[in-house]
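The values are calculated or read from the model by the stated rules, or taken from the named source; none is laboratory data. Source: prediction; values computed, not measured. Heads up, the Cβs are rebuilt from the backbone with ideal geometry, glycines too, and the neighbour counts pull from every protein chain shown. Side chains are part of the model used for accessible areas, which takes the heavy atoms of the whole protein and leaves out ligands, DNA and RNA. Shrake-Rupley method; radii C 1.70, N 1.55, O 1.52, S 1.80 Å.
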Amino acid sequence: MDCNRVFVSKVKRLTIVFTLLIAFLSIKIDTFAQVDSAVVPVDSVVAESAHATSGEHGADAKHGEEKFEPTKVIMEHIADSHMWHLWGHTSLPLPVILYTANGLEVFSSAHFHHGEEDYQGKYNKYRLVTGLKQSMSKDMFNKNIKVVGADGQIDENASDTVIDLSITKNIAAMFVAIFVIVIVFAAVARAYKKRVGKAPKGLQSFFEPIIIFVRDDIAKPNIGHKYAKFMPYLLTTFFFILFNNLLGLVPIFPGGANVTGNIALTFVMALGTMIIVNINGNKYYWKHIFLPDVPFWLWPLMVVVEVIGIISKPFALMVRLFANITAGHIIVLSLISLIFIFETLAIAPVSVAFVLFMDVLELLVAFLQAFIFTLLTALFIGMAVEEHH
């Protein structure tokens, strides 16, 4: 089969689909513009009479519908939360754990009623501040739970003394992923014990090629003969990212959380890689950083560059995983939002078709990002433990 012809044919079909979508959207926008211009006189008369009789609030009540804000909806879906949405108006409240100057407070996030009510705790009154209303605090450990003063306003100084240790949606989803990983690989380990010398079967046969791939195509080529020491970390990193990515693509409970799209998580994973790389760095690794083989007048600059490189390499790991996963969620939610922006079912088939296409692409990205993070981690470790002859 001529793969080039197939590829060109696929590209042509995709181009035609995009062209039809753009044409449809432009026609839809023109139609809305014509309708709006045609009803301007009527709307102005109605608005003036409404304002004369009942004021601005009466005019707003006439419409009776809240304007759909795609940015707000998308950001709320990809952000962390103290509630885990199940279906409809049903949500699973998660435990709020606050460390205050007076002691520890633990209660359910259901007391906030989705941020509509304050909760009087043992030591303070608390308010859940989320979304676009969330204020920035000087304390990086507490952004959502604020202390309410006697005047009913948020007391930022008191809020800065509270550390939020709550089990949020991302943390709960991470525990779910860890639980699934433990169950799966415990079953695989039992299969290896029971079937010594036999061909793999069931889950064992599914995961064995992936494990061998990580060993033979990631660890060995990049680390060398010392690869076995780092295999537990590489396998844990690969499957942890993979399982969280896949669960994030499931739109219903227990999926739908943006775990690997949370920069706090990717920061911790990148920090772990940086620590392992530098702890295992040999004398040649540190000599290359602090005593590079360059002219003496260039030495101060090269040391600064190499020290920055120690930080910039894990920083790239952190940002790459965070940005790719978050961008995928934003694109999918944006395509779904088209239905509500245009307020018509006519756009639904096109929107759903592109969402399905993006979900398949995100399935590839889920594996690809786990592979890239693990590959670069192995590469950085290999650079640190490489022996010079």
> Suppose R0 equals 22 Å; then what is the FRET efficiency for ILE97 and ALA264 from their Cβ-Cβ distance, rounded to the nearest 0.05?
Replying inline: 0.85
> Mean 1/r over all different Cα pairs, inverted: what Kirkwood radius does region 347-389 give, in Å?
Replying inline: 13.0
>> Sort 319-332, 236-249 by the packing proxy (mean of other Cβ within 10 Å over each peptide's residues), most packed first.
In response: 236-249, 319-332
>> Just to confirm, what accessible area per residue do you get for region 232-389 at 1.4 Å probe, in whole Å²?
In response: 51
> Can you pull the percent of region 258-305's accessible area that's carbon plus sulfur, 1.4 Å probe, other chains left in place?
Replying inline: 80
> Could you give the distance between the Cα centres of region 341-389 and region 93-131, to the whole Å?
Replying inline: 36
> Once you sort the root eigenvalues of the Cα gyration tensor of region 250-334 as a ≥ b ≥ c, which label holds: rounded (a/c under 1.5), prolate (a/b larger than b/c) or oblate (the other case)?
Replying inline: prolate
>> What number does region 286-344 give for Rg over Rh if you use C-alpha atoms and the Kirkwood radius?
In response: 1.47
> Of all the Cα-Cα pairs you can form in region 213-300, what percent are over 14 Å apart?
Replying inline: 75
> Where q = 0.11, 0.13 Å⁻¹, what log10 of I(q)/I(0) comes from the Debye formula for region 181-327, counting one point per Cα?
Replying inline: -0.60, -0.79
>> Once each part is reduced to its C-alpha centroid, what is the distance from region 254-316 to region 145-203 in angstrom?
In response: 27
> Highest mean first, what order results for 194-207, 77-90, 260-273 on Cβ atoms within 10 Å?
Replying inline: 260-273, 77-90, 194-207
> Along the positive direction of the dipole of region 282-372 (beta-carbon charges: Lys, Arg +1; Asp, Glu -1; about the Cα centre), which of ASN324, LEU363, SER334 reaches farthest?
Replying inline: ASN324
> Semi-axes of region 285-389's equivalent ellipsoid from the Cα gyration tensor, sqrt of 5 times each eigenvalue, largest first, rounded to whole Å?
Replying inline: 47, 16, 7
> How large, in percent, is the carbon and sulfur part of the accessible surface of region 314-380 at a probe radius of 1.4 Å?
Replying inline: 84
